[in-house]
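The values are calculated or read from the model by the stated rules, or taken from the named source; none is laboratory data. Remember, it's a predicted structure, so these values are computed and weren't measured experimentally. In this analysis, Cβ positions are derived from the backbone assuming ideal geometry, glycine residues included, and neighbour counts consider all displayed protein chains.
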Amino acid sequence: MAYNTKLVVKVSTLYYKEELTQDEIAKKLKISKYQVNRILKKAVATGIVKITIIDPTSGISLLEEELEKRFGLKRAIVIENFGLSDIELKSKIGAAAAEYLLEIIKDRDVVGVSWGTTVNEVVNHLPARINRDVDVVQITGGSHQLSIDLNCHDITRRLAKRFDKEPHLLFAPAILDSKDLYSLLMQEKSIKSTFEYFKKVTVALVGIGSIYPKVISTLVSTGHISKSDFESLQKHNAVGDVFSHFYDIDGNICNSSLRGRTVGMPVDILFNVPYIVGVAGGKLKSEAILGALRGRYINILITDDHAAERILALDKKAAGRK
């Protein structure tokens, strides 16, 4: 049955603008409810009525897709940052990362964990009990100078407890005084055993510290790095670190005075870990995150839209200069 345009417009106006039900329209215009339904379908089909769906997350999805494409990531998760405080941002990133970990972690996985405030938030947002056969190992040296909830030993213990397992701890400081001490440490049976265990890690959870443009690094803020070592990092253009591995904005490991003195999973082993989940956010960490992405120290990134936009802009700007 053909319906004239005037009737189609009238029915559409009553339904979409005045919000009458199809039953009410049928009674008002003295036509059947079936006819009202047919007229509304015709209105859409002929373009008299156009339905627009606005997805408020579309911008976020585009950022995630661009990050994955640009840096070859397995996954990018970007959260919206509407004026969040630093604490709120870390909590939101932690919650998103915890949800993602629950998606990918399976029986017989080995999770390697570093330290940091955002990593701590990830553990805080995980359920108290996770019914999976998973082992947990500390992949960077610890420190007695950190508060108990940020100490790598404590973070590792709390994560292992969620799987009802005993943690594999690394009983060594994050930074040693000399390369000779590192050589001696590597001869210790317990240390050698833990380093061998690193090869079994299937999921690594790491924070990203910033050296430039602003120092936002657990290692620096806790006084682990001396003034001379920090100056050496600056001299070698360090922008960030992933569990004590310092790198420049292109992802190259810095040949600073700290090289050969930091204790943690070696980079060559890290590159073989299937899932390396990096958690960090905020515009001021953009350079550090970009360096980690370029160096392939992470293959999954969980961050916020402020950082994501700046990371992509920095990388695009650099590409334009080449």
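Quick notes on this one:
- Some residue of the range 244-262 being buried (at least 24 other Cβ atoms within 10 Å of the Cβ) and closer than 16 Å to residue 213 by Cα: yes
- Filter result for residue 205 (buried (at least 22 other Cβ atoms within 10 Å of the Cβ) and either among the hydroxyl-bearing types (Ser, Thr, Tyr) or in a loop (DSSP other than H, G, I, E, B) (or both)): no
- Extreme residue, nearest to residue 315 (Cα to Cα), among residues of the range 277-292 that are of a type in the set (A, V, I, L, M, F, W, C) and buried (at least 23 other Cβ atoms within 10 Å of the Cβ): 290
- The set of residues from the range 208-243 being surrounded by 24 or more Cβ atoms within 10 Å (Cβ to Cβ) and either of a type in the set (Gly, Ala, Ser) or part of a strand (DSSP E or B) (or both) comprises 209, 217, 238, 240, 241, 242.
- Subset of the range 155-179 (residues that are in a loop (DSSP other than H, G, I, E, B) and touching a Leu at 6+ places or on another chain (Cβ under 8 Å)): 167, 172, 174, 176
- Verdict on residue 182 being among the hydroxyl-bearing types (Ser, Thr, Tyr) and not in a helix (DSSP H, G or I): no
- Residue count for the range 72-108, restricted to those that are in contact (Cβ under 8 Å) with a residue 40 or more places away in the chain, among the aliphatic types (A, V, I, L, M) and within 16 Å of residue 282 (Cα to Cα): 9
- Matching helices (runs of 4 or more DSSP H) fully within the range 32-151 where at least 3 residues are touching a strand residue (DSSP E or B) at 6+ places or on another chain (Cβ under 9 Å): 58-71, 86-104, 117-125
- Unmet criterion (only one of (1) crowded, with 16+ Cβ neighbours inside 10 Å; (2) on the phi < 0 side of the Ramachandran plot) for residue 116: (2)
- Filter result for the condition that a residue is touching a residue at least 40 places away in the same chain (Cβ under 8 Å), of a type in the set (A, V, I, L, M, F, W, C) and within 22 Å of residue 279 (Cα to Cα), over 201, 136: 201
- Residue pairs whose Cβ atoms lie under 6 Å apart, sitting 6 or more positions apart in sequence or on different chains, and linking a residue in the range 25-39 that is surrounded by fewer than 16 Cβ atoms within 10 Å (Cβ to Cβ) and at pLDDT 95 or above to a partner that is not basic (Lys, Arg) and not in a helix (DSSP H, G or I), do not occur here.
- For the range 121-170, a residue qualifies if it is crowded, with 20+ Cβ neighbours inside 10 Å, at pLDDT 95 or above and in contact with a Pro (Cβ under 8 Å, 6 or more places away or on another chain), and the qualifying residues are 136, 137, 138, 156, 159, 160.
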